[in-house]
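Chemist: Quick one: this structure, given as C-alpha cells, is what I'll be asking you about.
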Amino acid sequence: MACYSSSSYHTSFSPKPITMTDFDFDTEDSDLCSTTSFPIFSPPPSTATSRTSHDLSVRSPSPDPSVQSITSSMLERAYRHEYGRGFNNYSEVYHLPADAEELDRLDAQHELFREIMGMYAPCMDEIMADDTPGEPKTILDLGCGSGSWIMEAARDYPNCSAVAVDLVPMQSPMLPPNLRSEVDDINLGLEHFYGDFNVVHAKLISSGIKDYEGLIHHISFVLRPGGLMDIMEFDFHAYDENYRRIEVSTSHVAAPWWPRWLAFLETAIRSKGGSVDAATHLHSWAANHDSFEDVVYREFWVPASPWRRDSDFQVRMGVAMHDDISAFIKSGRALLLGSGVPEHVVDELQRNVEAELGSARGRYYIRLQCIFARKRRT
C-alpha cells in the first residue's frame, strides 16, 4: 500500500490535499530602504556562560529497553545558558533554545500542525499492524523536541517500541511505558540503529543537521524493509499572498520585516552549519534514492497571521501561526546575537516583525514541505 495514490500534493489549509499547482517563486524586492550600512554578521563580544562541557553521550546499540538511564548529573550537563535562555550543550550546529519556554512553543506548534495536516501518513496503520509474532513494531523520532509527536504515537500504538532522540533528554513526567528518550547528536551517524525501525519521523530539524541528504541515506539503513520515512521541513523564506517567494538580503534592515528577519536567521543558521536548503530538496533526495519507493510530496501554505478571513479555520490557524512566530522570534534572538548581529538590530527586527504581522501589511505565507517514502521491500 502506498501512502497516497499520486506523488505530489498542494494544500492551503484544506482538510484534504488538492492537486499541486506550479507557482513562480521568483519576485523582485521593491520595498528596500537601507537604514544600516555595516557588516552585520561579525564576531560579537562573548556574553555567554557555559556551565557544562560537550561530553554528554547516552547512545545505545539498539532500540531495546536496556539503555543507560539519564541521571540528574547528566541532566545538568546537558544544558548551557546564554542570553537568558537554556540551550543544549551537545551540538555546535543547533543553536535554538531547549528550555521550558521553547518546549511550550513546540507543544503548541504540534497541535497546530496536527490540525492542519493530520498526525500520520495514511499507510501508518498498515505499517504498525501487529502482524509479526515476537517482533514488535518500532518508531524512531529524530530531533523530537518537546516529544509531543512521539508520545502521542507511542500511546496510539501501545504495542510498539518507541525511541525519541534529541540533544537534551525529554523531561515529561508522563512518558508512556513503551517510549524511551535518548540524548544524542544525530550528525554523528545512525549506524547503531541500522535495521531496527519500521517508522522514522523527523520534523523541522534542518537547522541542526550538517548533511541532510546524508541523513536520509542513514535513514534508508535504519528502516526495515517496507518501513516509512516521514519528514517535514521549512525553507526559511516568506511568501506573499500570491505564493511568490520574497527575496531580501541582510545588507539592509528595513521592510518587509518578517522576510527580513528570516533572511538574518537563515544566514545565522548557515554560518553554524545547518542545512537551510533541505526543504527544497527533500523530494528529489528521496525520489532519487535507490532504497525508497512510493515517495509522496506534500506542501502546506500557512498564513503567518490571521490575514485570511475566508473561514473560521483560516483565522484560527493564522492566530496560532502568529503566536508560534512570536515565540520563535524570541527563540531565535540568541542565535542572531551569537552570530554577530548587533543587539539594536535584533531589537529593531523583532519589534517591526510584531507590528507588521499584526497589521494588514503582513500578508505572508509559511511554506511547509513534507515527504513520505517507503523503504523497498527487496
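Chemist: Give me the pairs, please: first residue somewhere in the range 281-306 and closer than 15 Å to ILE231 by Cα, second residue anywhere and part of a strand (DSSP E or B) and modelled with pLDDT under 95, beta-carbon distance under 6 Å, and either six or more positions apart or on two chains.
Modeler: Here the result reads TYR297/SER8; ARG298/TYR9; GLU299/HIS10; PHE300/THR11, each pair linking the range 281-306 to a residue that is part of a strand (DSSP E or B) and modelled with pLDDT under 95.
Chemist: Same structure, new question: Can you tell me how many residues within the range 198-217 are closer than 30 Å to ASP131 by Cα, in contact with a helix residue (DSSP H, G or I) (Cβ under 8 Å, 6 or more places away or on another chain) and part of a helix (DSSP H, G or I)?
Modeler: 2
Chemist: List, please: which pairs have Cβ atoms under 6 Å, are six or more places apart or on different chains, and start with a residue in the range 142-171 that is on the phi > 0 side of the Ramachandran plot and touching a residue at least 12 places away in the same chain (Cβ under 8 Å) and end with one that is surrounded by fewer than 23 Cβ atoms within 10 Å (Cβ to Cβ) and polar (S, T, N, Q)?
Modeler: Short answer, once both residue conditions are applied: GLY147/SER172.
Chemist: If GLN369 satisfies all but one of (1) of a type in the set (S, T, N, Q); (2) within 15 Å of PRO259 (Cα to Cα); (3) in contact with a strand residue (DSSP E or B) (Cβ under 9 Å, 6 or more places away or on another chain), what's the number of the condition it fails?
Modeler: With respect to (1) of a type in the set (S, T, N, Q); (2) within 15 Å of PRO259 (Cα to Cα); (3) in contact with a strand residue (DSSP E or B) (Cβ under 9 Å, 6 or more places away or on another chain), GLN369 is out only on (2).
Chemist: Sticking with this structure for a sec: Could you tell me how many of the residues in the range 110-122 are closer than 14 Å to GLU152 by Cα, surrounded by 17 or more Cβ atoms within 10 Å (Cβ to Cβ) and of a type outside the set (Phe, Trp, Tyr)?
Modeler: Summing the residues that are closer than 14 Å to GLU152 by Cα, surrounded by 17 or more Cβ atoms within 10 Å (Cβ to Cβ) and of a type outside the set (Phe, Trp, Tyr) in the range 110-122 gives 1.
Chemist: Further, regarding this structure: If I filter the range 327-345 for residues that are over 23 Å from ASP107 (Cβ atoms), surrounded by fewer than 18 Cβ atoms within 10 Å (Cβ to Cβ) and of a type in the set (Ser, Thr, Tyr), do I get at least one hit?
Modeler: no
Chemist: Specify the residue that is farthest from the chain's Cα centre (by Cα); the eligible residues are those in the range 77-115 that are of a type in the set (Gly, Ala, Ser) and part of a loop (DSSP other than H, G, I, E, B).
Modeler: Restricting to residues being of a type in the set (Gly, Ala, Ser) and part of a loop (DSSP other than H, G, I, E, B), the top hit is GLY84.
The values are calculated or read from the model by the stated rules, or taken from the named source; none is laboratory data. As the structure is a prediction and not an experimental result, all values here were calculated from the model. Note: ideal-geometry Cβ built from the backbone for every residue, glycine included; neighbour counts use all protein chains shown.
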